[in-house]
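K.L.:
What follows is a structure written as structure tokens; I'll ask about it next.
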Amino acid sequence: MKFLHTADWQIGKPFQSIADNSKREALRQKRLDTVRAFKSLIEEQELEFVLVCGDLFDSSTPDQATVSALCAAIGELKVPVYAIPGNHDHGGPGCIWEQAFFIREQKQLAPNFHILLEAEPVVLEHAVLLPCPLLRRHESEDPTAWLRSEPEGLPKELPRIVLAHGSTQGFSSSGESDSESGINRIEVNHLPVDSYDYIALGDWHGMKQITANAWFCGTPEQDRFAKGEGNQPGNVLTVEIQGRKQTPSVETFKTGRIGWHAPDAFQLNSAADLDGLKAQLDELLGGRASSDLLRLRVSGALSFNGIEHFEQLTESLRARLIRLKLDQDIQVEPSEEELDALSERQDPLIAQVAKELRDELSEDPLARDALRELQLEVRRVEA
Amino acid sequence: MKLLSATVRNYRTHRDTSVRFDGSMVLVHGPNESGKSTLAEAIHCALFLKAKGNTNLHKAMQSDHGGTPEVALSFEANGRTHTLSKSFGSSGNTTLESEGQATLNGSPAEDCLAQLLGVDGTVSGGGIEGKMERRWAHLWVWQGKSNHSPLESIDESQAQLRSKLQAQSGQSFLTSDTDNAVIDALQSWESANFTQAGAPKTGSELKKAIEALEAAEARTASARTTLQELEQAATSFDQAEADIERHGKNLIEAEAQLKSIAAQLKTVGSLREQLKEKSRLREDTKKALNGLIEADTEIRQFESQLKETRAKAAPKEKEIEGLQTESKTKQADYEKARTVRERSSRELNRLRSIADAWQAHCESLRESQRITHLSEELKKIQKLKDAQKQTTKQLAPLENFTDAAIKKLAKTEREAEQARLRLEAYALQIEVLESDQAIQLNDASLKPGQTEILSHAAELQIGTGTRIRLTPGGAEDLEAARADSDAAATKLSDALKALGVDSVDAAREQMRTRENLGKELEDLETKLEAANADDCEQALAEAEKTLAQLQARRDASLPKEESIPFPDEPKAAEAAAEAARASLTSAQDAAESAESQEKASHKAAVKAAAALTKAEDAHKTQSEAIKDLQSRLDYALKKSGDTDTRSNAINTATAQFDQAKQAEQSVTSQLEELGADHLEIDAERLNHSVDADKKKLSDAKDRKIVAQTELKSNGSKDPHRELKEAEAETEQCRDSRDRLQHQSDVRRHLLDKLRAARQATTAALAKPLEDAVTPYLNLLFGGSRAQLHWAEDGSRLESFALDRTDKQKGLFSFGKLSHGTREQVALALRLAMAQLLAADHDDCLPLILDDAFTHADKNRIEKLKSLLYQASQNGLQIILLSCHPENYSGLSASEVALS
């Protein structure tokens, strides 16, 4: 018996930090494409069903277009899809899963989709699902608590699969969990070892094995710049279970298509540094456009000329990338030649003011920018 | 440059005028129209106007004397003496002889002259007046323009002045085109984006960014509210569900408890009813027993009290008994005496009435006699009256004639007789003696025996076949006689009618009858008077009235039972009356005796009664107490029975009471066992609790419905996404605003710096000129300074102000000064400028002042003189033109008079 373990689709994520709305929309669309693409994997691997461990939607109140898009994408997968609500799309009063529109769309577009809102066993042909749905955004109790003593009447011969969404010990503070510290905490160790055969976890966006049979599958499509080393977002897991009390065989498949790049911080103090940065970025981004996001951290001091080149570089990057997140701490540091060129001009006022500003560089925070402005203005006038 | 002399020929008013100028100061004076201004103009034209030409200026020079206008000048310039000759007109020419140089003619001469004067060629071509006006305008004060700002007219000297000032201030460069272009660019950016007050302008990028930020913040707040409401609804839903469960559970529990309590309370209710009944029974039996005991006690008390009171009252009662007997006897005596007295009183009254009746009867008899007498008298009077009446009746129709009337009448009768006799003598009398046919005289028929006298012609018809015309006598006399006779007859007839008699004899007879009757009447009246009929009638009436009264009195006096046949005989009546009076007297005596008897017995009876009353009063309290006690005792006994009866009743009632008490106690114990009071409190508490839970349950259900409704999404928007997007947009807008703000700060900072630098430059550039003006201003105002401003681009001197802040008088721009002050200040500035510019002209320049002090009073003129003196001391050549030389005394100027 083999199935697909996925979670944290975050469909409808606003990506609000991206100013360009069409880019935002493209990014949202790509997440749906990634889900649709599961179909070939399912067929290739002959997967029986799909488990989604929470956060299918990014929001507990998605709009209708998002609901329809998700249902349509799931419908394309054909095999049964079982899902629990996560903290982002939690159940409970007024939740999306109970809204009439969702129910209608689900019936019409995704009859293979089953959202599990009750903490009770679901017996399938070849497995028993033990869902631990989140019914509110912040669940203070462990959602798996009901499984700490084995529920009565479970079929003896069928493998038992737990579905849960939340952070486990030691991961909540890593930054990749969506849940706040201490909330939606899952104590995997409190579950009786022999009672369950696979624990499918969601919430942490990187892929991670927690115990011999407990796995975070991570998000299939990265949705943020990764923090720290060793995160492996952009995957799904196929899980094969031979029978009760058999260690499952887990395989990773790359699904992510969007590049989220967060290279180390750069120091820019010269033209050579700028050339180095350009070379690195070329390598990282190739000649692609509209399929990458980049967090660029730069600091240092550049001359008028350097600044100009850097601004040209970022201008290009903004156009090519889905997003350029620029953490910039670059000082305007005109070269002596540049300063001389201004202060020794034949224009008495420009020269005099350039001299004054030059003298004030150390104390007046506006002096650098004013000098650059003067330089640009002179250039504009003379053009 | 210094003017040495001028000769003007054929130039307007001047035929040939020559003037020599002192090197430092000269006053050219002369009356009006002596050509002072023309001289100044001629010198100006000689220096600057192209000689050859036919402009308005050339034409205006033409003199009435004819000939070509010519001006010859001698002046020092560039270290040499020059002689300039210009003849103006279409064939005008210029000649310049310079010391030690070849003489120049025409254009070369004019070019050389322009170079010497430091001007840009000679003036010619279009707009020539304006061009000429600008030339050396700072040195030439034309008539009437002394109060104009010299800055208005220094365009041509601006560059020279600036280079002089630059040289003096060390500011070798003022501004470059690039400088100005950069400042202009920044300024136009600033004015496009900021208001005068420095706020971002509507439509500017910064303003748009600020507005966009505000809008985004508003959207964020709105989105946040929406989401909070949604979250609130979810919380509210959970809370409502929890409440529904809790209150539902409470309700079920409370209702179950209430049911059990209700069953217990039903038992309590029935026991309470029983208890009420038992208590009532106990009360009733108790009341009955108490009643019986009270009644018995009362009877016993009455009996003992009665016995005691009676013993005390016995002696007194005996005494009263005696007094009662005595009183009764006396009372009987009194009653007897009173009966006697009453009977005698009645007899006395009867007898008095009878006596009265008799008395009245006697009087009535006397009155009757009098009435009879009076009646007879009255009969006699009546007879007299009847006679009088008869006589008066006879007299009434008789006219009272006088003798004269009778005589007159007789005369009238005689006259009528005579007239008739005369007529008869003429007239024809017809008398029908007998006829068997009808006779008709005229239209009237005439019967047998009828006589008719005709005085006119008449027709007599007898039967039907006979008609006879009768014509009496001679017609005239007959008519007259008839008229007389008729008149006399009418007169007589009227007289008789007037007297009411048929004839004169009748009248005489009537007169005699009247006289007899009159006498008769008089006699009767005398007799009637004597009889005094009225008195007699009155007396009779009174007497009849008196008689009636007397008879009434008699009848009234007589007691009813009495019937006395009163005799009409007066004597018998008198005797009977006397007898009645005697009986009355004896009855009076008897009555008096009976009365005194009654009084005595009454007194005795009253005395005895008083004695009894006194004794009874003394005994009253005791006897009433006994009576009262007895009646109460009687009543009580009647009600409660005798001693044995009462005793039996009390025993029975006591037994009943004890029984009832026991029954009540039994029920009370049962109630206590059930804890009735506690049950009720519990029931009340639970009922309240049920009510409250129901209300809370309903409230929670309502809240759930409300929350459900709020949670039901229409799905058109995702509020979570809306908020995130709004927050991100706010952040982006803020970044944008900050970036633009920073950019603006930077640009404005730069602009401020550029402006400050330029201002410092222009200020430095103005300073040497300000310093040059200041000593002159000091002479005028003492302590004041000039403030001169160059245009921001340094192209020209823009404004001039008088700084008197040291005198706490403030800063006055030139335009704000009075005309007099303007005149002074303008001169000071001209002198200062001339002084600066003189450096290029061998340290001397002439200043031509044509009637330049028109706005100055005497005091100011003195100050202006100081100014001019100082200027001449500083090397300037001052040429004054005026028609008031007296104003310039004390200047030590050389003088030239024009005539």
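The values are calculated or read from the model by the stated rules, or taken from the named source; none is laboratory data. Predicted, not measured: the structure shown is a model, and the values here were computed from it. Cβ: placed from backbone, ideal geometry, glycine included. Neighbour counts: every protein chain shown.
K.L.:
Of the conditions (1) of a type outside the set (Asp, Glu); (2) at pLDDT below 85; (3) under 30 Å from B:Ser631 (Cα atoms); (4) surrounded by 13 or more Cβ atoms within 10 Å (Cβ to Cβ), B:Gln305 clears all except one; give me its number.
P.N.:
Among (1) of a type outside the set (Asp, Glu); (2) at pLDDT below 85; (3) under 30 Å from B:Ser631 (Cα atoms); (4) surrounded by 13 or more Cβ atoms within 10 Å (Cβ to Cβ), B:Gln305 violates only (2).
K.L.:
When you check B:Ala262 against the structure, is it surrounded by fewer than 17 Cβ atoms within 10 Å (Cβ to Cβ), within 14 Å of chain A (Cβ to nearest Cβ) and either under 30 Å from B:His688 (Cβ atoms) or in contact (Cβ under 8 Å) with a residue 12 or more places away in the chain (or both), yes or no?
P.N.:
So B:Ala262 does not fit the description; no.
K.L.:
Also, I was wondering about something else. Taking segment A:48-63, which residues are within 18 Å of the chain's Cα centre (by Cα), at negative phi and away from chain B (no Cβ under 12 Å)?
P.N.:
Matches in segment A:48-63: A:Val52, A:Cys53, A:Leu56.
K.L.:
For B:Lys724, indicate whether it is buried (at least 16 other Cβ atoms within 10 Å of the Cβ), under 60 Å from the mean Cα position of the chain (by Cα) and either in contact (Cβ under 8 Å) with a residue 12 or more places away in the chain or more than 30 Å from B:Lys266 (Cα to Cα) (or both).
P.N.:
Values: buried (at least 16 other Cβ atoms within 10 Å of the Cβ): yes; under 60 Å from the mean Cα position of the chain (by Cα): no; either in contact (Cβ under 8 Å) with a residue 12 or more places away in the chain or more than 30 Å from B:Lys266 (Cα to Cα) (or both): yes.
Spelling it out, it is not the case that B:Lys724 is buried (at least 16 other Cβ atoms within 10 Å of the Cβ), under 60 Å from the mean Cα position of the chain (by Cα) and either in contact (Cβ under 8 Å) with a residue 12 or more places away in the chain or more than 30 Å from B:Lys266 (Cα to Cα) (or both).
K.L.:
Given (1) farther than 25 Å from A:Ile84 by Cβ; (2) assigned to a loop (DSSP other than H, G, I, E, B), where does A:Phe15 come up short, assuming only one miss?
P.N.:
Among (1) farther than 25 Å from A:Ile84 by Cβ; (2) assigned to a loop (DSSP other than H, G, I, E, B), A:Phe15 violates only (1).
K.L.:
Looking only at segment B:713-738, which residues are facing chain A (nearest Cβ under 7 Å) and assigned to a loop (DSSP other than H, G, I, E, B)?
P.N.:
Once the filter is applied, which keeps residues that are facing chain A (nearest Cβ under 7 Å) and assigned to a loop (DSSP other than H, G, I, E, B), segment B:713-738 yields B:Ser713, B:Gly715, B:Ser716, B:Lys717, B:Asp718.
K.L.:
Name the single residue that is surrounded by the fewest Cβ atoms within 10 Å (Cβ to Cβ) among those in segment B:86-142 being outside any loop (DSSP other than H, G, I, E, B) and hydroxyl-bearing (Ser, Thr, Tyr). Spell out the reasoning first.
P.N.:
As a first pass, look at segment B:86-142 and keep what is outside any loop (DSSP other than H, G, I, E, B): B:86-87, B:89, B:93-98, B:104-117, B:123, B:128-134, B:140-141.
From what is left, the residues that are hydroxyl-bearing (Ser, Thr, Tyr) are B:87, B:94-95, B:98, B:107.
On the way: B:Ser87: 19, B:Thr94: 25, B:Thr95: 16, B:Ser98: 19, B:Ser107: 14.
Of everything passing the filter in segment B:86-142, B:Ser107 is surrounded by the fewest Cβ atoms within 10 Å (Cβ to Cβ).
K.L.:
Among B:Ala215, B:Ala199, B:Ala185, B:Ala192, which is closer than 30 Å to B:Arg747 by Cα, away from chain A (no Cβ under 13 Å) and surrounded by 14 or more Cβ atoms within 10 Å (Cβ to Cβ)?
P.N.:
B:Ala215
K.L.:
Here are some conditions: (1) in a loop (DSSP other than H, G, I, E, B); (2) out of contact with any His (no Cβ under 8 Å at 6 or more places or on another chain); (3) more than 21 Å from A:Asn235 (Cα to Cα). A:His88 meets all but one. Which one does it not meet?
P.N.:
Only one criterion in (1) in a loop (DSSP other than H, G, I, E, B); (2) out of contact with any His (no Cβ under 8 Å at 6 or more places or on another chain); (3) more than 21 Å from A:Asn235 (Cα to Cα) is unmet by A:His88, namely (3).
K.L.:
Would you confirm, using the coordinates I've provided, whether B:Ala313 is in a helix (DSSP H, G or I) and more than 16 Å from B:Ser623 (Cα to Cα)?
P.N.:
The answer is no for B:Ala313.
K.L.:
How many residues are buried (at least 16 other Cβ atoms within 10 Å of the Cβ) and within 14 Å of chain A (Cβ to nearest Cβ) when one looks only at segment B:242-259?
P.N.:
2
K.L.:
Now a separate question. Quick one: which residue in B:Leu174, B:Leu165, B:Leu161, B:Leu206 is hydrophobic (A, V, I, L, M, F, W, C), more than 14 Å from chain A (Cβ to nearest Cβ) and either in contact with a Ser or Thr (Cβ under 7 Å, 6 or more places away or on another chain) or on the phi > 0 side of the Ramachandran plot (or both)?
P.N.:
When all the criteria are applied, what remains is B:Leu206.
K.L.:
Kindly provide the set of residues from segment A:64-93 that are at the interface with chain B (Cβ under 8 Å from one of its Cβ atoms) and either surrounded by fewer than 23 Cβ atoms within 10 Å (Cβ to Cβ) or among the polar types (S, T, N, Q) (or both), ordered by number.
P.N.:
A:Gln64, A:Thr66, A:Gly92, A:Pro93
K.L.:
Give me the pairs, please: first residue somewhere in segment B:444-466 and among the β-branched types (Val, Ile, Thr), second residue anywhere and surrounded by 12 or more Cβ atoms within 10 Å (Cβ to Cβ), beta-carbon distance under 6 Å, and either six or more positions apart or on two chains.
P.N.:
Note: pairs meeting the criteria are B:Ile453/B:Ala427; B:Ile462/B:Ile439.
K.L.:
Which helices (runs of 4 or more DSSP H) does segment A:321-383 wholly contain that include 2 or more residues that are within 11 Å of another protein chain (Cβ to nearest Cβ)?
P.N.:
Filter on segment A:321-383 gives A:348-360, A:367-382.
K.L.:
Within segment A:232-304, which strands (runs of 3 or more DSSP E) (wholly inside it) include 3 or more residues that are under 21 Å from A:Asp8 (Cα atoms) and within 28 Å of the chain's Cα centre (by Cα)?
P.N.:
Working: elements: A:235-240, A:249-254, A:259-261, A:266-268, A:292-302.
Of the strands (runs of 3 or more DSSP E) lying wholly inside segment A:232-304, those with at least 3 residues that are under 21 Å from A:Asp8 (Cα atoms) and within 28 Å of the chain's Cα centre (by Cα) span A:235-240, A:249-254, A:259-261.
K.L.:
Identify the residue in segment A:227-268 that is over 30 Å from A:Phe310 (Cα atoms) and among the acidic types (Asp, Glu) and, among all such residues, is surrounded by the fewest Cβ atoms within 10 Å (Cβ to Cβ).
P.N.:
A:Glu251
K.L.:
Do we find that B:Ala763 is part of a helix (DSSP H, G or I), away from every other protein chain (no Cβ under 13 Å) and surrounded by fewer than 19 Cβ atoms within 10 Å (Cβ to Cβ) in this structure?
P.N.:
Details: part of a helix (DSSP H, G or I): yes; away from every other protein chain (no Cβ under 13 Å): yes; surrounded by fewer than 19 Cβ atoms within 10 Å (Cβ to Cβ): yes.
Yes: the conditions hold for B:Ala763.
K.L.:
Considering only residues that are touching a helix residue (DSSP H, G or I) at 6+ places or on another chain (Cβ under 7 Å), within 28 Å of B:Gln239 (Cα to Cα) and within 14 Å of another protein chain (Cβ to nearest Cβ), which ones fall in segment A:94-137?
P.N.:
Once the filter is applied, which keeps residues that are touching a helix residue (DSSP H, G or I) at 6+ places or on another chain (Cβ under 7 Å), within 28 Å of B:Gln239 (Cα to Cα) and within 14 Å of another protein chain (Cβ to nearest Cβ), segment A:94-137 yields A:Gly94, A:Ile96, A:Phe101, A:Phe102.
K.L.:
Name the residue, out of B:Ala772, B:Ala757, B:Ala707, that is in a helix (DSSP H, G or I), more than 60 Å from the chain's Cα centre (by Cα) and at the interface with chain A (Cβ under 10 Å from one of its Cβ atoms).
P.N.:
After ruling out the rest, the residue left standing is B:Ala757.
K.L.:
Please find, among A:Ser181, A:Ser140, A:Ser173, A:Ser177, the residue that is of a type in the set (Ser, Thr, Tyr), more than 24 Å from A:Arg244 (Cα to Cα), surrounded by 20 or more Cβ atoms within 10 Å (Cβ to Cβ) and modelled with pLDDT under 95.
P.N.:
Working: A:Ser181 fails: surrounded by 20 or more Cβ atoms within 10 Å (Cβ to Cβ); A:Ser140 fails: surrounded by 20 or more Cβ atoms within 10 Å (Cβ to Cβ); A:Ser173 fails: surrounded by 20 or more Cβ atoms within 10 Å (Cβ to Cβ).
Result of the check over A:Ser181, A:Ser140, A:Ser173, A:Ser177: A:Ser177.
K.L.:
Would you point out the residue of segment A:2-16, among those that are within 14 Å of chain B (Cβ to nearest Cβ) and touching a strand residue (DSSP E or B) at 6+ places or on another chain (Cβ under 7 Å), that is nearest to A:Pro233 (Cα to Cα)?
P.N.:
In this case the residue turns out to be A:Ile11.
K.L.:
To continue, here is another question. The conditions are (1) closer than 30 Å to A:Ser60 by Cα; (2) surrounded by 15 or more Cβ atoms within 10 Å (Cβ to Cβ), and B:Trp790 fails exactly one of them. Which is it?
P.N.:
Condition (1) is where B:Trp790 drops out.
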